[in-house]
Structures are given as structure tokens and as C-alpha cells.
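S.K.: Just passing along the structure, written as C-alpha cells.
Any read-out appearing in this document is the output of simple, stated calculations on the displayed coordinates, not a laboratory observation. What you see is a predicted model, and the numbers here were worked out from it, not measured in a lab. Cβ placement follows ideal geometry from the backbone for every residue including glycine, while neighbour counts extend to all protein chains displayed.
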Amino acid sequence: MTPEPYGESRLDTGLRLVTEELPGRGLVAVALTVAAGGDDDPAGGHGTAHLVEHLMFPRDEQDGADAGHVALVQEAGGMCDAETHRDHTVFHTVAPADALPGLLALEARRLLRFAPAAATVRSEAAVVTEEIRAAGAGTRLWDGMLAAVHPGARHAYGTPAELRGVTAGDAEAFFRRRYRPDRAVLCVVGDVPAGRVRELVEREFGGWRAPADGSASAAPAEARTAVASPVAVPYGRDGVAVASPVALPYGRDAVAVGHALADPRQGLGPYVAQVVLLEVLRRARSAGASVHCGYQGQWLASAAPDLALVLGHRARGAAAEEAAADWLRALATLAAEPPAADEVRRAANVLRAGCHRRADAPAARAVAHGRAALLFPPAERPAPDTVAGRLAAVTPADVSIAAQALLGAPRAVVALEAASA
Amino acid sequence: MNTLTPALLTPAPREALRRTLANGLDTVVVAAPGAPLAELRLVLPYARADRASVRPQELVAAGLGTATAGRDRQAVADRAADLGAEVSTVVTAEHLVLSVSVLAHGLPGALRLLADLLVHPVYEPAGTAPAPAGPAAPGPRTRLRRAQLRHAFGGPHPLTEEGDAGGPAPGTDALYAFHRRAVVPRGAVLLVLGGADPDRVLALVRAELGGWAGGPSGLVLPPFPRAEPEPGRIALHDPAAGQALLLTAGPAVPAPEPGHAALHLAQLVLAGHASSRLTRHLRERHGLVYAVDARVRQNRAGCWLEIDCVGAPGTGDRIAREVADCLGALAESGPTPEETRRVRRYAAGFARFALATRAEEASALAGFVAAGLPVDWLAHWPAALAEVTDAQVAAAAARFLPPGRTLLATLDTAPAQEA
């Protein structure tokens, strides 16, 4: 096929390639997105995906016989990082455009040579454990609420006790099973012609093939231990949770309300309308509560079941339901009557500007393209420049319908208590 | 000339229109065709004037951009949202930067809102809560920073002295008086980057901000008493610090003077990226530090080469010793050709990231202009790096890195044995 300036093609190995020409900045961004996330962790190995992400950055051998991945990228004038989510892992690099051949060679090399030593696995597991520790109470709140509104869902960081048991063999088995060209998208955005990108990708990634034994062709989800929510929210009528009798420790007395968001893969429109709804509420109708849309405040960062989190005031001794009443009333008001057009326009404008800011960075564009291609059906792909348009199209009636949907979706209402209480 | 670096694909500098308006505002309009957002950066000189002005200066910075005589906080927020605009302020040792990022069609409205915020500000009275008994104690890093600069460059100087003088919160009269002094066009820089025609943008700036008057404020950092840092070793002790800190101050040459590019490359061989000597030696080999960096710092007060390390409690002496050894080795023998090749490439690529997004580009370009550099300074930086020879990098290391010319300052939980 003839690649378009912005287009997608597939190598005969199954690897999908998305390219976008972004002339004028002298930069190129490469994002390798793999359908391997925390939800793929094996039973008893929570954090394996996160650990494998770390192991994809081989460090230099003693005294520099073979420089590490980060050092080699930096020597090419670039920088690199990675993120493990529940449904995918993405490795992203940005560098001067003329470094692309070297970058692609490095990217392919770490895929082809993945064979971590036992000592490396131990040291990286310690690094991951430290990341989990540093994430702190804020992350534990998010994870508790996630599991409450989406039973069985869990974060991708990992569990220290389980990470300690992950061996080099386990990591390599996970890699062989999940890191496969037919489960990955490579995206290249920048100051390089798409045809040249394709030539380079075919040259460097032609040797990355799925295991010949077919052991992982379907790569089904493995059975894993059911995740118990620390909040233990019993579900009542219509799948809507009632308040939890269990309080979570937190930095202050408060109430947390978690709402399950619409599935963007089933329709980007209803999901985006909920994003606008939450911004309308955040701007002027939240009764003092802080409103966060998407896991850790990032919406569309993955396609895994997502949530909104609202943190409101709760007086010492007050019941969670009582403290959440103002917020739920504000939501019900919008469900009953659409907001003014001005309110929706303001919320959408703020969100659109944020979309444009994020989409301006080559690395962020590459990551967004990769996620869209890997995780979303073609008709609902949230490509970098399409989301802003979808936001602008949201009407007051859409926002009201979004409020009705949010009220009808699973939610959790949980008291948070200061540790000193 | 040794040009080991491959020719880098260097983007052409953007078209820029620069004019000084009748009110003294240095205005730069940069064309970014097709940009969905316009970026505005207003850079005001904002160095600390005197101790008594610290509180009004802080409160003006916190309140600027939030309310006007005709619009309260909510109305300003609503107007900004109407335009798809985000307004923010950042204060540095030298400047207050007011940033506006706005949907392209909202640029005229954003300039009008900006003028309203500058010309008709409203500052709310301080709360009725009793004033704190005194200023909060500075943290370990701030104390080490002040000690480092005081020893290296002498004092008194705004960068080496205590901050807030304490006492009751200033009234709104003091805030308006400070606003009239500091938030003025003469001496300030306004940069607008966006897709609109630059001449049209300049006309809009003239129309909306032409009535803004005053200045210059004189809020610029004075030079340090000494131009060259005084070498030596100082050690602070704080059992509650929780970690060991090291800051150095060595001689340096600022941009854009000749010799800066060579020093920058020598400094990168020392620290600043994954293959730098200090990174490999202190962090990778010995696990002695959590973080290590080095950079040439420059402002109107002076210029110095600074190494910045953070390590475990009790390691301050050892870190200082290892850093001195690395400085000495690099000054004496110079970098290897391979090290120089690596840092050339790294430096050229990394400079490009300052322009990776239009928001970052606007901030970088406004910063260059405010620092007295040409607006297209960064576009010529890769070529300047490529022209530096390996011998010049070695000469820069020999001249600027000897430990005998460097101040090593540490703060640790245990008293130092070697200071």
C-alpha cells in the first residue's frame, strides 16, 4: 500500500504501523503500544506487566561494555519513558528526526533481546516496589474506588508481596505471551516522510515475530485471584451501590463518591458528554467538592473500565450518604434539566484547549494514536485531533442525558477518615 | 574543525515581528501557521526589591490575573472559559510570567481580558485570621542555596538574604501601590505565538494594551558583589534534613558569550545525562546519590557552574570528595573523544525539546528575549555546538572545572568531618 501522510498499515508479521507527518519541528516521536497491561498479570503475580515494562529498559553492563537503553537514546539526542496501564503498556521516545533509524533499531533490539537476568529482575522488582510505596494514600483511594465501582478491577502498579515472587522465567514467559507483533501498534509521528518510516520499520521490525509454537496465539486472559475491594460496597437496586459501612483512611475527613463512566469503546459520544458534564459540575455546581474525571484524573488514558471520583466535605461523625447528598442533588438537577448553553460552551472550550495542548506534543500524539488504534474500534477512535471536535459538538441535552446515565451507573459512596481520628 | 556530530535536521526559525510600543512594551509576535491555540507570555521584571516589599510582592503575584474592577473571580474565570483560555502566573528569582493559552479565535478577547487584568486589577483584603508570628523557616535546600551563593559571591544580595520579614499582612493599599510600581509595560516583554497574521496581532496588541502605562519598575537583580565565585568547602548540619545535599559554584561563562558552548559540552560530560561521569560514578557504580545534575546557571546577578546532588543521610562528605575527584580528573585529562561525541548529540537534541510544543516554544522564546538574547537564539544553538572543537571542550574543562576553583557546599544530617 502507499502510506498516507497520516495513515495506518500492517506488516506481514501482524505489527500495525501508524504514521503521521508533523513537519517543521525537527523532531520524531515513536510509541510502541502493546496489549499487555495489569489486567494480564497472572494469578499471584500482580505487577508482572509493570515489572516487564521496567525490564524493557536494560541498564548498561558494568563499566559500559554495552550502554543501557536510556543512555543510548540520550546519545541520539532523545529521551524515553513508559507507562503501564490496566489494558496496555506504552513505550514512548522523542528525539531529533534524523535519529529515527537508530531509535527504531534500539526499539527492535530490546524486543528481540529480552532476556533479563535473575539479579536484574530482583533489582527492578525493588524499584517497582518503591514506586508503589511512593504512590501513597492518594493512589490507594483511587484503587479502592475503582474496585468498588468496577468489581474485580485493580490497578497496574502491582503488589509488593506478589512482585517478590516473580522470577526471571515468569517475566520472560509473560513477555513471550503478551509482547507480540499482532498485539502491538508502532506509531511514528514527526518530521520524517511516512514512506521512509515504513521502510525503516520493515527493516528493523521484520525479525520480530510471534512465537512459532502458537502457544499464545489467542492470548486469553488467565484466571487470576478475584480482587476484593477494600471498600466492600454492596450493590442495591439497578446495579447502583449503596454506601459502604467501611471508612478508608485518608489525610482528612471527607466523603468520596465514585461513579462508573460510560465505556468509550461502545460510543465516544456518550463518554465525551460525561466528560463535559463533570467539567460543568466542577466549574460551578460541585458544592465545594473536587471533581476528577478518569482514573487518576486522566480520561481516555486507556479503554479499561473507568471512573469519576468526587471528594467532598464531611463533618466529623457525619454519615457518608449525608455528606454526598449535595453532590448527588447537583447531578440530579442536571439530569432533570439541561444546563444553560453558556455553561456547556465554557466547559467544552476549557476541555478543547486542554486537548489541543496535549496533542501539540509529538510524543503525546504518538501515544494517543497508538492507544486509539490498539484499543478502540475504528468508528470510535479517539485520535488526537478528533476529541476536540467531539467536545465542541456536545449539547446541553447531551449533558443532561449524561447525568441520567451517571446516576444510573454503579457508584460507591465512602467515608474517608483522617488517620489521626 | 572536528565535526563528529551528524548534520542535524534543524528547523527554520519562525517568522517573528518585534516592536517596542509607545508605552515601552517590548512586543514579539511569532507566526505559527495553523496553530489551534495562541500562546501569550508577559514577562515582568520581578526581582525582590527590599525586605519590606516581600509580602506585597507575593500577594500581588498571587492575586494578579484573578479579578478586575468590572469582573470578580467567577466572572474572570467565566470569561476565560468563554474564550477557551487558561491564565496562570509563575514567579522566578527575576521575573513574574503571566501566561495565557487560548483557542485561536479567542485571541482578541484574551488580549482585552489581559488589558483589563493589568490596568484595572482588584486585590482582595487579606483574611481576618491573625498574622503569623513570623516567616516560615526556610527548608534545608533554601538554606544551603543561600549559604552557597553568600560564600561564593558575597553579600548582602537578594538571592542570599532571608525572605519574608513577618509582621501583619499588608493592606490592599500596599498591594495597589506595589502593582502600580511592578506591573508596568516599560521593561516588560510580551510574546504572542499563534496562527494569526503577525501584523494583525501587533495591531490588536497596540489597540488593547496601548493604554497600559508606567515603568520601568527597577525590579531587576543587582550583580553579585563578586563576579567570580570564591572556592572552598562549607558544610551545614541539620539532623532533621532527611538527606544529604550538595551544591557547588564554579566559574562559568554565560550565553551567548564565546566559550559558553564549549563549557556547556564539558559540563555535560561531567553531569546532566545518563552517560555523564558523575551519573555513572556516583549513582550507577556506587549508588551514592539519588539524583545528580549539573548546569550553567545565569541571571543578572551572575553566572556559575553548579553541580546538584541528593544522597542518603550521612553521605555529604563522601559525595563532596567524589565530586572533587571527578572535577579534578576531567579538568586534568579532558573528556575522551567518545564522551565529547555523545554530549554533542545529546545537547543538540535536547535543545530541540524546548521547542517541542508551541506552549514550550512561547515560554522559551519569551525567556530568551527577557534575558537579552535574540528571539531565535535557540535555533542557532545546534550550529554553535557543532562548531566547537574537541580541543575547545578540553580547554573549557581545564579552565572551569578544577576543584581548586570550585566551592563545594553540603548540608547533611551529621556534622562534616572535612569542612
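S.K.: Any idea how far the Cα center of the range B:367-419 sits from the one of the range A:254-270, in Å?
M.R.: One Cα centre to the other: 50 Å.
S.K.: Less than 14 Å from a label point 7 Å out along the Cα-to-Cβ axis of residue A:266: which backbone N atoms in the range A:143-179 qualify, by residue?
M.R.: Zone members listed by number: A:150.
S.K.: If you don't mind, there's one more thing I want to ask. Could you give the length gained on full extension between residue B:213 and residue B:120, defined as 0.36 nm per residue of separation minus the Cα-Cα distance, in nm?
M.R.: Contour length minus Cα-Cα distance gives 32.3 nm.
S.K.: I've got another one for you. With r defined as the distance between the Cβ atoms of residue A:196 and residue A:10 and R0 fixed at 22 Å, what FRET efficiency is calculated, to the nearest 0.05?
M.R.: For residue A:196 and residue A:10, the calculated efficiency is 0.75.
S.K.: On a 0 to 90 degree scale, rounded to 10, what angle separates helix B:107-119 from the longest Cα axis of chain B?
M.R.: In chain B, helix B:107-119 runs at an angle near 90 degrees to the longest axis.
S.K.: Which residues make up the longest stretch of chain A that has no GluC sites (Glu not before Pro) in a DSSP loop with at most 14 other Cβ atoms within 10 Å?
M.R.: Between exposed loop sites, the widest span is A:223-421.
S.K.: Which FRET efficiency value, to the nearest 0.05, do you get for residue B:228 and residue A:110 by plugging their Cβ-Cβ distance into 1/(1 + (r/R0)^6) with R0 = 56 Å?
M.R.: Efficiency for this residue pair is about 0.75.
S.K.: With angles folded into 0 to 90 degrees, how steeply does helix A:362-375 sit against the dominant principal axis of chain A? Use alpha carbons for both and round to 10.
M.R.: The angle comes out at about 80 degrees.
S.K.: For an R0 of 35 angstrom, estimate the FRET efficiency from the Cβ-Cβ distance between residue B:162 and residue A:321 and round to the nearest 0.05.
M.R.: 0.10
S.K.: With the cut-off at 1.5 for a/c, could you classify the protein assembly as shown from its C-alpha gyration tensor as rounded, prolate or oblate?
M.R.: Here the protein assembly as shown falls in the rounded category.
S.K.: Turning to a different aspect of this structure: Per residue of A:387-393, how many C-beta atoms from partner chains lie within 10 Å of its own C-beta, taken as a mean?
M.R.: 1
S.K.: Another one. Could you state the number of Å between the C-alpha centres of the range A:169-194 and the range B:247-303?
M.R.: 36 Å
S.K.: Work out the mean other chain Cβ neighbour count within 10 Å for the residues of B:83-93 and drop it here as an integer.
M.R.: Mean inter-chain Cβ contacts per residue within 10 Å come to 2.
S.K.: Which whole-number percent gives the relative contact order of chain B, counting Cα pairs below 8 Å spaced six or more residues apart?
M.R.: Once normalised by length, the contact order is 23 percent.
S.K.: On average, how many beta carbons from a partner chain sit within 10 Å of the beta carbon of a residue in B:102-112?
M.R.: 1
S.K.: Could you identify which residue out of A:14, A:45, A:389 has the top mean-square fluctuation in a GNM of chain A using Cα springs shorter than 10 Å?
M.R.: For chain A, modelled as a Gaussian network with Cα springs under 10 Å, the answer is A:389.
S.K.: So, one more: I need A:6, A:295 ordered by Cβ neighbour count within 10 Å, fewest first.
M.R.: Neighbour counts put them in this order, fewest first: A:6, A:295.
S.K.: Between residue B:18 and residue B:383, what is the label-to-label distance in nm when each label sits 7 Å out along the Cα-to-Cβ direction?
M.R.: A separation of 1.6 nm, rounded to one decimal place.
S.K.: How much length would be gained if the chain were fully extended between residue A:397 and residue A:173, taking 0.36 nm per residue of separation minus their Cα-Cα distance, in nm to one decimal?
M.R.: My answer for the length gained is 75.6 nm.
S.K.: Compare the peptides B:362-370, B:86-94 by average per-residue count of other Cβ atoms within 10 angstrom and give them in order, highest first.
M.R.: B:362-370, B:86-94
S.K.: Among A:123, B:217, B:101, which comes first, then next, by fewest other beta-carbon atoms within 10 Å?
M.R.: A:123, B:217, B:101
S.K.: I need B:319, A:132 ordered by Cβ neighbour count within 10 Å, fewest first.
M.R.: With the fewest neighbours first, B:319, A:132 line up as A:132, B:319.
S.K.: Also, I was wondering about something else. Between the helical axis of A:118-149 and the dominant principal axis of chain A, each derived from Cα atoms, what acute angle in degrees is found, rounded to the nearest 10?
M.R.: That works out to roughly 30 degrees.
S.K.: Right, another one. Report the full-extension gain for the segment residue A:329 to residue A:247: residue separation times 0.36 nm, less the Cα-Cα distance, to one decimal in nm.
M.R.: 27.3 nm
S.K.: So which residue, out of A:47, A:37, A:206, gets the largest mean-square fluctuation from a GNM of chain A using Cα contacts under 10 Å as springs?
M.R.: Comparing A:47, A:37, A:206 in a Gaussian network model of chain A, the most mobile one is A:206.
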